[in-house]
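**Student:** Sharing a structure with you now.
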Amino acid sequence: ATFGEGGIGFSLKGRGVGSGGLVKPNYTVDAEGTVIVNITVAPNGDVTDASQAKGTFAPSELVDEAIKAARKTKFNAINSTNPQQGTITYKFNLN
């Protein structure tokens with residue numbers, strides 16, 4: 001099994017991904033599904049919170065790995081004092 005091409009997308013108004021790109025999750029089980037992760041991003045670009053969102057259809061092992069990857073992802077910094085809410089969507093595909 002592999003993590004499918006085009007398998008990650010994000011929604012975070014007015015932000016881009018930092019230099020490391022979207023972190024790919026480890027693919028630990030022979031399963032597929034879509035995991036949507038709610039994220040909170042600090043003004044400096046750090047993901048400060050990540051949790052499973054509604055609309056997730058995947059085994060818990062994939063959810064756990066997606067949340068770990070989301071927490072490691074860095075976005076560009078913005079000039080603000082408020083954290084921002086968004087999502088990252090991971091699509092796990094069997095090949």
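**Student:** Is there any pair linking a residue in the stretch 53-72 that is over 25 Å from Gly18 (Cβ atoms) and assigned to a helix (DSSP H, G or I) to one that is at pLDDT below 95 and of a type in the set (Val, Ile, Thr), with Cβ under 7 Å and at least six apart or on different chains, and which?
**Tutor:** From residues that are over 25 Å from Gly18 (Cβ atoms) and assigned to a helix (DSSP H, G or I), the pairs are Glu61/Thr28; Glu61/Val29.
**Student:** Against the conditions (1) free of Cβ contacts under 8 Å to residues at least 60 places away in the same chain; (2) open to solvent by 40 Å² or more (accessible area, probe 1.4 Å); (3) part of a strand (DSSP E or B), where does Lys91 fall short? Just the number, please.
**Tutor:** (1)
**Student:** Residues in the stretch 25-42 that are open to solvent by 30 Å² or more (accessible area, probe 1.4 Å) and at pLDDT 90 or above: how many?
**Tutor:** Residues meeting the conditions: 3.
**Student:** Additional query: If we keep just the residues of the stretch 1-12 that are at pLDDT below 90 and either among the polar types (S, T, N, Q) or in a loop (DSSP other than H, G, I, E, B) (or both), which is surrounded by the fewest Cβ atoms within 10 Å (Cβ to Cβ)?
**Tutor:** Within the stretch 1-12, the match that is surrounded by the fewest Cβ atoms within 10 Å (Cβ to Cβ) is Gly6.
The values are calculated or read from the model by the stated rules, or taken from the named source; none is laboratory data. Computed from a prediction, not measured in an experiment: that's the story for all the values here. Methodologically, a virtual Cβ is constructed for each residue, glycine included, from the backbone with ideal geometry; neighbour enumeration extends over all protein chains shown. Side chains are part of the model used for accessible areas, which takes the heavy atoms of the whole protein and leaves out ligands, DNA and RNA. Shrake-Rupley method; radii C 1.70, N 1.55, O 1.52, S 1.80 Å.
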